[in-house]
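Below is one structure, written out as structure tokens; the observations come after it.
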Amino acid sequence: MTDLFSKFDPLIQQRETLLETGLTDPFNLVMERVESPTVAICNGKRTILLGTYNYMGMTFDPDVVAAGKKALDEFGSGTTGSRVLNGTYQGHRECEAALRDFYAMDHAMVFSTGYQANLGVISTIAGKEDYIVLDIDSHASIYDGCALGNAQIVPFRHNDIEALEKRLKRIPEGAGKLVVLEGVYSMLGDIAPLREMVAVSKANGAMVLVDEAHSMGFIGENGRGVAEAQGVIDDVDFIIGTFSKSVGTVGGFCVSNHPKFEILRLVCRPYVFTASLPPSVVATAATSIRKLMDSADKRAHLWENSKRLHAGLRQLGFTLGTGEPQSAIIAVIMPNLEKGAAMWEALLNEGLYVNLARPPATPAGMTLLRCSLCALHTEEQVGEILGMFAAAGRATGCIS
Ligand SMILES: Cc1ncc(COP(=O)(O)O)c(C=O)c1O
């Protein structure tokens, strides 16, 4: 018998070597108590959270929590069924109405996760004879959606407008073309040049799908994302998003103005063949989405936080993923996994949680300490965070 697990041996070995040094496992941390969107208890210690996707701090919003409790009491803990059978409750409809209002679009379809939204929409609309042109740094859910649909996959260099255009021009005349982009790329926190990329895609007869997972609620005048901020939202055919970041719960969605969009509810397998979200989740999501429409002050404060942290880290001597802050994600580039893990642990000991990210999730084999800011981080907390980076950086030799 061939042990099907033998392919994982190199990874098992790498983990063992790392943990033998006595390091805390960076991928096995437990949040023992969560006090707020910015503070938790980890290993019995008060820890500032700088590695969540809780960009707008909605997880403890009293209206959001109350809506979830009410739905739990009135509709029970789960739907036990697919959206196309018994799993569409009034709450799912209300959640889709909130999304239509938020994006000012005609159609909204809620999935059980953002992963499934990409999986479902991409695989359903781009089939065997079609072409998907995508940024090489796309999220795993985008790649998996491509694989599920059997389309021809044409990757292009990250954020390279000319490369996108060249790839589009090589596709046979008359073939179906879908360009897949992200608003914010979550590893380095950089944004896409959507204005140019959407124009090039349209000029070459392609439909455009933009995953705005990391920009919803924060970027753009109304928080609709990078496509809104760059003035091209009306030219984007499909926006994919998630409830697991700014919205503060779990779930995914696609919004669109395409006149035939609703047919997807019958043909999209990751929508049909899975249970719908629990009533409490769609109630919290709908309440959160409606509150995000009116959150300009929080958006402004989050930008302040992002600028303050970026400038402070740069001043300390860290190498960052972007020259200026472009989103709520600030990536600190580590020289290698060992140093990254040591720095991650030193920060945790100081009382700060960040994400340790490594290949294959990261581009170009990089090890990153990914910091994601929250609109509820105070100016004082950002100061505290910088103090912790200074101490941990010196202790591990990452900065002098
Ligand atoms: C760009 C992007 N798209 C989709 C997803 C999937 O979202 P969800 O957590 O709702 O499955 C993520 C999650 O990390 C993401 O970063």
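Tabulated results
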{"read-out": "Cα-centred dipole magnitude for the chain, charges only on beta-carbon of K, R (+1) and D, E (-1), debye, nearest 20", "value": "240"}
{"read-out": "Estimated inter-spin distance, ALA364 and THR319, nm [label 7 Å along Cα→Cβ]", "value": "0.8"}
{"read-out": "Net charge of Cβ neighbours under 13 Å - reference SER215; Lys, Arg +1; Asp, Glu -1", "value": "-3"}
{"read-out": "Gyration tensor (alpha-carbon) shape descriptor, region 1-68, a/c threshold 1.5", "value": "prolate"}
{"read-out": "Estimated 222 nm signal from helices in the chain, with DSSP H stretches of n ≥ 4 weighted -39500 (n - 2.57), rounded to 500", "value": "-12500 deg cm²/dmol"}
{"read-out": "Alpha carbon centroid spacing (whole Å) that separates region 19-46 from region 254-274", "value": "39"}
{"read-out": "With DNA, RNA and ligands ignored, accessible area of THR24 (1.4 Å probe; Å², nearest 10)", "value": "50"}
{"read-out": "ALA395 paired with LYS128, simple spin-label distance in nm, labels 7 Å along Cα-to-beta-carbon", "value": "5.9"}
{"read-out": "Cα-centre dipole for region 189-339 with unit charges at Cβ (Lys and Arg positive, Asp and Glu negative), debye to 20", "value": "340"}
{"read-out": "Furthest towards positive pole of dipole, ALA346, MET388, THR378, structure part region 339-393, Cβ charges", "value": "ALA346"}
{"read-out": "Using alpha carbons only: equivalent-ellipsoid semi-axes of region 89-237, gyration tensor based, whole Å", "value": "24, 18, 14"}
{"read-out": "Amide H contacts under 5 Å for GLY81, placed H, 5+ residues apart", "value": "SER276"}
{"read-out": "Amide H contacts under 5 Å for LEU352, placed H, 5+ residues apart", "value": "ILE48"}
{"read-out": "Among LEU19, LEU292, LEU347, residue whose mean-square fluctuation peaks in a GNM of the chain (springs only between Cα atoms under 10 Å)", "value": "LEU19"}
{"read-out": "Angle in degrees between helix 90-103 and the longest Cα principal axis of the chain, rounded to the nearest 10", "value": "80"}
{"read-out": "The chain: projected area of the alpha-carbon convex hull, averaged over directions, in nm²", "value": "21.2"}
{"read-out": "Tensor-based shape of region 141-198 (alpha-carbon gyration tensor, a/c under 1.5 rounded, otherwise prolate or oblate)", "value": "oblate"}
{"read-out": "Around ILE333: net Lys/Arg minus Asp/Glu count, Cβ-Cβ under 14 Å", "value": "+3"}
{"read-out": "Kirkwood Rh in Å, taken over region 343-394 so that all alpha-carbon pairs contribute", "value": "12.0"}
{"read-out": "Region 212-236 residues near the modelled ALA104 label - backbone nitrogen below 16 Å, point 7 Å along Cα→Cβ", "value": "217, 219-236"}
{"read-out": "Sequence-distant residues sharing a close amide H with THR367 (under 5 Å, placed H)", "value": "MET334"}
{"read-out": "Listed residues PHE27, PHE238, PHE156, most fluctuating in the chain (Gaussian network, C-alpha, under 10 Å)", "value": "PHE27"}
{"read-out": "Long pairs among LYS166/LYS307; LYS69/LYS260; LYS128/LYS260; LYS202/LYS291; LYS7/LYS128, criterion Cα-Cα beyond 27 Å", "value": "LYS166/LYS307; LYS69/LYS260; LYS202/LYS291; LYS7/LYS128"}
{"read-out": "Surface per residue (accessible, 1.4 Å probe) for the chain, Å²", "value": "43"}
{"read-out": "Whether region 162-283 is rounded, prolate or oblate, judged on the alpha carbon gyration tensor where a/c under 1.5 counts as rounded", "value": "oblate"}
{"read-out": "Around PRO270: net Lys/Arg minus Asp/Glu count, Cβ-Cβ under 14 Å", "value": "+2"}
{"read-out": "Accessible-area composition of the chain, carbon plus sulfur, in percent [1.4 Å probe]", "value": "53"}
{"read-out": "Sequence-separation-based contact order of region 287-400, relative, with Cα cut under 8 Å and 6+ spacing, percent", "value": "30"}
{"read-out": "Among GLU384, GLU16, GLU74, residue whose mean-square fluctuation peaks in a GNM of the chain (springs only between Cα atoms under 10 Å)", "value": "GLU16"}
{"read-out": "Alpha carbon Rg of region 178-238, scaled by the compact-globule rule 2.2 N^0.38 Å", "value": "1.02"}
{"read-out": "Unit charges at the beta carbon, dipole of the chain: most positive-side option, GLY149, ILE263, PHE243", "value": "GLY149"}
{"read-out": "Stokes-Einstein D (µm²/s) once Rh is taken as the Kirkwood radius of region 270-400 over alpha-carbon pairs, at 25 °C in 0.890 mPa s", "value": "148"}
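The values are calculated or read from the model by the stated rules, or taken from the named source; none is laboratory data. All values reported here derive from a predicted model rather than from experimental measurement. Every residue, glycine among them, receives a Cβ derived from its backbone with ideal geometry; neighbour counts consider all protein chains shown. Surface areas here come from the heavy atoms of the whole protein model, side chains and all, with no ligands, DNA or RNA. Shrake-Rupley method; radii C 1.70, N 1.55, O 1.52, S 1.80 Å.
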